[in-house]
1. Identify all residues within region 167-185 that are within 20 Å of R205 (Cβ to Cβ) and over 19 Å from the mean Cα position of the chain (by Cα); write none if there are none.
2. Find all pairs meeting these conditions: Cβ atoms under 7 angstrom apart; at least six residues apart or on different chains; first residue within region 152-171 and within 17 Å of K236 (Cα to Cα) and touching a residue at least 60 places away in the same chain (Cβ under 8 Å); second residue among the aromatic types (F, W, Y) and open to solvent by less than 20 Å² (accessible area, probe 1.4 Å).
3. Return the pairs, sorted by first residue and then second, in which the second residue is open to solvent by less than 70 Å² (accessible area, probe 1.4 Å) and among the small types (G, A, S), the first residue lies in region 114-129 and is part of a strand (DSSP E or B), the beta carbons are less than 6 Å apart, and the residues are 6+ apart or on different chains.
4. Taking region 82-93 only, how many residues are at negative phi and open to solvent by 40 Å² or more (accessible area, probe 1.4 Å)?
5. Determine which single condition L6 fails, assuming it passes every other condition in (1) within 21 Å of S217 (Cβ to Cβ); (2) in a loop (DSSP other than H, G, I, E, B).
6. Which one of these does I77 not meet: (1) open to solvent by less than 50 Å² (accessible area, probe 1.4 Å); (2) assigned to a helix (DSSP H, G or I)?
7. Residues being open to solvent by 80 Å² or more (accessible area, probe 1.4 Å) and either under 20 Å from L102 (Cα atoms) or touching a helix residue (DSSP H, G or I) at 6+ places or on another chain (Cβ under 8 Å) (or both): count how many of those fall in region 1-32.
Amino acid sequence: MVKVLLAGESWVSATIDHKGYDPFAHTQVEIGCERLLAALAAEGVEVTHLRSHDVAEKFPQTLEELDAYDVVLLSDIGSNTLLLHPDTFTRGRPTPNRLKLLREWVTNGGGLMMAGGYLSFQGFEGKANYHRTPIEEILPVDIDPYDDRVETPEGVRAQVVRPGHPVVAGLDRHWPILLGYQHTTLKPDAELLATVEGDVMLAVRQVGRGRTLAFTSDISPHWAPEEFMDWEGYRKLFAQAMSWLAGREV
């Protein structure tokens, strides 16, 4: 069984409701990856979901802790959250650089996927900030140094360009619509598996003994609409991605 650590893909919404003279505030935790978690579970993939507000404190700090997993999936979680453990941010104490740790872990044989979103790659207003980090070094793509979003509210369709690769084997050549993605540039030693509007949609790379994968759109709304998540290929695509990253493709 492939074991995956999914970090991110949740948020806390804080709202103030005004009812005449009387306002009241309330908060709610939102989970964006519910459909993906269900899809991977149905394919026999074991996923541990580390919610965004827990990542800073609870994301692994050693290679031994990371070795409990085959694959790490970063989705909509900025680099600051991985870099700034509460011991560093609040107490001013040194802690491991988890971006460097992930680079070492992948080079030693781990699998890393980054999915797109407002806090992925460089992200909204550049706030994800993975440009010029150890994560960019190992991904299949180079990251723009500025806000890299390409919003496509009209809907655009990704196209498989290497159908024989295990990650996209058996999938439709043209996918259902997506409502946005991140602009990136393919690294020379990476493999391009799918494109969108002439840009990278899906790419993979061998890094030392490990593997990395970049999926430049979202695994959940708003960029991934119902048409994409209801597609039978949604479940197959991400299950095959996890298997390939873990080195267990058929």
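The values are calculated or read from the model by the stated rules, or taken from the named source; none is laboratory data. Bear in mind that the values here come from a model prediction, so they are computed numbers and not experimental data. Heads up, the Cβs are rebuilt from the backbone with ideal geometry, glycines too, and the neighbour counts pull from every protein chain shown. Remember, those area values only see protein heavy atoms, side chains included, never the ligands or the DNA or RNA. Shrake-Rupley method; radii C 1.70, N 1.55, O 1.52, S 1.80 Å.
1. Correct list: A169, L171.
2. Sorted first by the residue in region 152-171, then by its partner, the pairs are P166/W244; V167/W244.
3. Every condition considered, the pairs that remain are M114/S120; M114/A214; A115/S75.
4. Qualifying residue count, region 82-93: 8.
5. Of (1) within 21 Å of S217 (Cβ to Cβ); (2) in a loop (DSSP other than H, G, I, E, B), only one is false for L6: (2).
6. Tallying (1) open to solvent by less than 50 Å² (accessible area, probe 1.4 Å); (2) assigned to a helix (DSSP H, G or I), I77 fails exactly one: (2).
7. 3
Every residue, every condition in (1) within 24 Å of R209 (Cβ to Cβ); (2) in contact with a His (Cβ under 6 Å, 6 or more places away or on another chain); (3) acidic (D, E), yes or no:
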site	(1), (2), (3)
H18	no, no, no
E43	no, no, yes
V47	yes, no, no
E57	no, no, yes
G92	no, no, no
T95	no, yes, no
